[in-house]
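Asker: Let me give you the structure first, and then I'll get to my questions.
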């Protein structure tokens, strides 16, 4: 299973967008407290739309509580990484955890140091500080499912019909 982990997210709209991404890609979301918002906040619900009701997610009081029983491949996305995220090879035979940090300061540096070999950077302009968190999650999540295969995800339009454009 592919999992998205948000370490102490601060902005409800970003988390709402990430909830939507996780829902449509059938990924589990793990939220590490403290959160910078309430999970019933209207901005969060508006960003996540009605996808939140189909979302598999769990909240943890700390990183240590989250990590204690998790096994699998951990991939940390950080601007401080020495490797490009496109160099990451995702392992399809084990759980995958895509870990992203809070908007203001990222993932705790002590955690990153413990996992330096699993840290990856999304390339960007040299004088740019960072991308938006929800965009980073979408980039990382898509690369992961692209590598391991799309599984049961639909590659055809089923809501309006596969031949929708032909009928317009």
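Asker: Can you tell me how much longer the chain between residue 155 and residue 128 gets when fully stretched, taken as 0.36 nm per residue apart minus their C-alpha distance, in nm with one decimal?
Answerer: 6.3 nm is the gain from fully extending residue 155 to residue 128.
Asker: Which value in deg cm²/dmol, rounded to the nearest 500, describes the helix-derived mean residue ellipticity at 222 nm for the chain, given -39,500 (n - 2.57) per DSSP H run of n ≥ 4 and division by the residue count?
Answerer: Only helices count here, giving -8500 deg cm²/dmol.
Asker: Compute the acute angle (0 to 90°) between the alpha-carbon long axis of helix 133-148 and the principal axis of greatest extent of the alpha-carbon atoms of the chain; round to the nearest 10°.
Answerer: For 133-148 against the chain, the angle is about 70 degrees.
Asker: With the calculation restricted to Cα positions, what are the radius of gyration and Dmax of the range 99-167 in angstrom?
Answerer: For the range 99-167, the Cα radius of gyration and maximum Cα-Cα distance read 17.6, 56 Å.
Asker: May I ask you to compute the full-extension gain from residue 33 to residue 118, defined as 0.36 nm times their residue separation minus their alpha-carbon distance, rounded to one decimal in nm?
Answerer: 28.4 nm
Asker: If you take every DSSP beta bridge fully contained in the chain, what fraction is antiparallel? Give it as a percent rounded to 5.
Answerer: Of the beta bridges lying entirely in the chain, close to 5 percent run antiparallel.
Asker: Expressed in nm², what is the orientationally averaged projection area of the convex hull enclosing the Cα positions of the range 2-167?
Answerer: Taking a quarter of the hull surface, the average projection is 11.2 nm².
Read-outs throughout are calculated quantities, based only on the coordinates presented, and are distinct from any laboratory measurement. Here the structure is a predicted model, which is why all the values come from computation and not from measurement.
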